[in-house]
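In what follows, a structure is listed as structure tokens, so that the remarks can point back to it.
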Amino acid sequence: MEIETLILSAIESSLVYLLLAALLIILAVKAVKIVPQSEKYVIERFGRLRAVLGPGINLIVPFIDRVAHEISILERQLPNASQDAITKDNVLVQVETSVFYRITEPEKTVYRIRDVDAAIATTVAGIVRAEIGKMDLDEVQSNRSQLITTIKSLVESQVDDWGIEVTRAEILDVNLDQATRDAMLQQLNAERARRAQVTEAEGSKRAVELAADAELYASEQTAKARRILADAEAYATQVVAHAINENGLEAAQYQIALKQVDALNALGAGEGKQTILVPAQAIEAFGDAFKLLKGRVT
């Protein structure tokens, strides 16, 4: 009997130790929380916020603290949304937007907003309508990058209390109804025709200007040539006058006499028998020329 009692006592003691070991293991498992890199855990104690656990190994109080929410901190993309808006010049447009965000403070996101995606989408839609209502259609088309920056800034200020960071806000497309598109196409064609007419008029004007410049240049060159010729004739006259002044009138008469004799030789050099009638005044002139020549020779 004593042996059986000892065996039972040993078994009971072993069971107690096993239960204690199991309890310790359970407590250790419950106390240690390993948080992935891409998540944060929101810890509650008796229904109230206790802590936010970051990535890595964390310790909590078993059976008192519990993981109430496991929040992913990866960047998220809202589904593309399309909303109608009216521009400042009363044109109805359909704007397609896309928003990227990530949760930075899970405690705010969990306890301040129920459906964060729907809340952000509603906020973006309201801001887009308000901002497009301040702009004409041409400004919406040409200043899209500025509009995106403004929308992103306004969305960030609106969702700051929700523990959210808006990383990107994009306007994917701005669609118009068919009637507006047809009107814009007509306006575009009219603008192209106007530009073509302006270009043609400017080309004609430039051609006239170039032709006038060419005529002016030709006139200037002709005048310059005439001025140079007149200067040359004046210079030649000056040279002759200077020679007469230096050598006297007799030198000039001598040159004229040489020319007269050469002319007479040319008349007599013809073939056959020729009769040459020379006026009396010419004979006297030739006589004077021969006298001058004779005087020069002697």
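Every number in this text was worked out from the coordinates using simple rules, so none of it is lab data. Note that the structure is predicted; figures quoted are calculated from it, not measured. Note that each Cβ is placed from the backbone with ideal geometry, even for glycine, and that neighbours are counted across all protein chains shown.
State whether region 128-184 is rounded, prolate or oblate according to the following rule on the C-alpha gyration tensor (a ≥ b ≥ c being the square roots of its eigenvalues): a/c under 1.5 gives rounded; otherwise a/b larger than b/c gives prolate, and the remaining case gives oblate. Since a/c reaches 1.5 and a/b is larger than b/c, the shape of region 128-184 is classed as prolate.
Among the listed pairs K108/K152; K88/K152; K108/K134, those whose Cα-Cα separation exceeds 27 Å are K108/K134. Report relative contact order for region 81-227 in percent, whole number only (criteria: Cα-Cα under 8 Å, sequence separation at least 6). Relative CO of region 81-227 lands at 31 percent.
For E39, the residues 5 or more places off, or on other chains, whose built amide H falls under 5 Å of its own are I73.
Take 59-65, 147-153, 43-49, 201-207 and order them by the average number of nearby Cβ atoms within 10 Å per residue, most first; the result is 147-153, 59-65, 43-49, 201-207. Just so you know, the averaged projected area of the alpha carbon convex hull for region 1-152 sits at 13.1 nm².
D for region 76-176, whole µm²/s, Stokes-Einstein with Kirkwood Rh over alpha-carbon pairs at 4 °C and 1.567 mPa s: what number? In µm²/s, the coefficient rounds to 94. Partners of K30 within straight-line reach, counting aspartates and glutamates whose Cα lies under 13 Å from its Cα and excluding those fewer than 8 residues away in the same chain: D65.
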